[in-house]
Amino acid sequence: MPGKRSIDRRTLLLRSGLAVTAMGTALAAVPAQASATDSRRVEAPHIYDTGNWQARPPREPITLLNHPPTYIVVHHTVEPGNTDDYSLDRAFAISRSIQNFHMDSNGWIDTGQQFTISRGGYITEGRHRSLEALTGGTQHVLGANVANHNSEVIGIENEGLYMEVDVPQTLWDSLVSLVAYIASQYNISPEMIRGHRDFNSTACPGDVLYARLPELRQAVADRLGVSFREPGSTPLLRPGDRSEDVLLAQRRLRAHGYDVPAHGVFDQATREAVAAFAASNGLAQPTCQACAHTEERGYLGRDVWELLTPR
Ligand SMILES: [Zn+2]
């Protein structure tokens with residue numbers, strides 16, 4: 001029962017004193033799907049299927065879940081260089097490249113995410129059958145892009161690295177169209193449009209793109225003709241950060257037996273303690289294209305906050 005678990009976590013977080021700093025309401029909110037029931041139908045954007053980009057067949061049969069996803073999750077691929085090749089050929093090439101990486105290096109059965117958007121704004125199907133499931137609107141494909149939450153999410157990989165620069169307008173326009181269509185097909189409230197970092201301790205989908213998620217939610221709400229409540233967010237702490245949240249985390253780590261200083265600076269000792277704490281609690285590395293390219297072990301995000309909270 002995800003709902004009950006969420007409420008319990010929220011209660012724990014509130015008791016913990018994280019209410020203002022690290023609380024957020026990101027995953028604690030009750031899915032507000034009711035607000036989308038009277039929404040306008042959104043027309044499908046053009047989506048190139050796995051046949052179009054000549055995908056390899058999946059290694060095992062694809063799993064179709066008999067329920068809609070709860071969350072629509074935005075990622076970035078951390079492709080180096082942020083290419084100015086906006087062609088369809090490029091969109092197909094990155095789709096193949098991601099699939100090869102996920103199957104050959106990660107050992108997955110197929111591409112991890114359900115959809116991909118190139119910098120040129122071309123939308124491609126990622127994991128096989130994702131388009132068929134989305135068109136039907138009652139099932140969704142089990143992917144691999146948000147550790148510990150894959151049965152709840154439908155993930156979109158956006159080509160590029162968006163830590164410091166913004167997405168191209170072509171990509172943004174397609175992202176709005178695709179997310180609005182997914183929300184329409186599955187009756188998902190804009191409130192449930194999230195970034196990867198709302199679940200795992202990762203910088204994905206980049207500081208700049210993450211900061212635009214409120215704008216994305218509003219744009220989708222406008223397409224659907226619905227209102228929604230803006231979700232809260234949890235701070236993502238990274239090496240070098242100095243803040244009250246870091247100090248709070250260090251105190252919590254000390255309470256869990258880790259010998260870290262309590263000076264509010266996210267130093268190497270803190271990073272190692274966070275990584276050890278996450279590993280000892282069975283937190284998998286965040287799984288998405290971005291995380292495969294970056295060393296984010298030791299980041300402190302929502303999943304770690306929840307475990308650090310005294311019970
Ligand atoms: Zn991601």
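Brief remarks on what is shown
- Ordering of 202-209, 113-120, 133-140 by burial proxy (mean other Cβ atoms within 10 Å per residue, highest first): 113-120, 202-209, 133-140
- Pairs of Cα atoms farther than 26 Å apart, region 152-285, %: 36
- When restricted to Cα atoms, region 33-224 yields an Rg and a Dmax of 15.1, 44 Å, respectively.
- Close amide H contacts of GLY195 (hydrogens built in the peptide plane, cut-off under 5 Å, sequence separation of 5 or more or a different chain): VAL74.
- Taking the Kirkwood radius as Rh and the Cα radius of gyration as Rg, region 235-308 has a ratio of Rg/Rh equal to 0.95.
- Using a probe of 1.4 Å, the accessible surface attributed to ARG212 totals some 40 Å² when neighbouring protein chains are kept in position.
- Sequence-distant residues sharing a close amide H with THR111 (under 5 Å, placed H): HIS128
The values are calculated or read from the model by the stated rules, or taken from the named source; none is laboratory data. If you're wondering where the values come from, they're calculated on a predicted model, not measured in any experiment. Using ideal geometry, Cβ is built from the backbone for each residue, glycine included, and neighbour counts are taken over all protein chains shown. All accessible areas refer to the heavy atoms of the entire protein, side chains included, with ligands and DNA or RNA removed. Shrake-Rupley method; radii C 1.70, N 1.55, O 1.52, S 1.80 Å.
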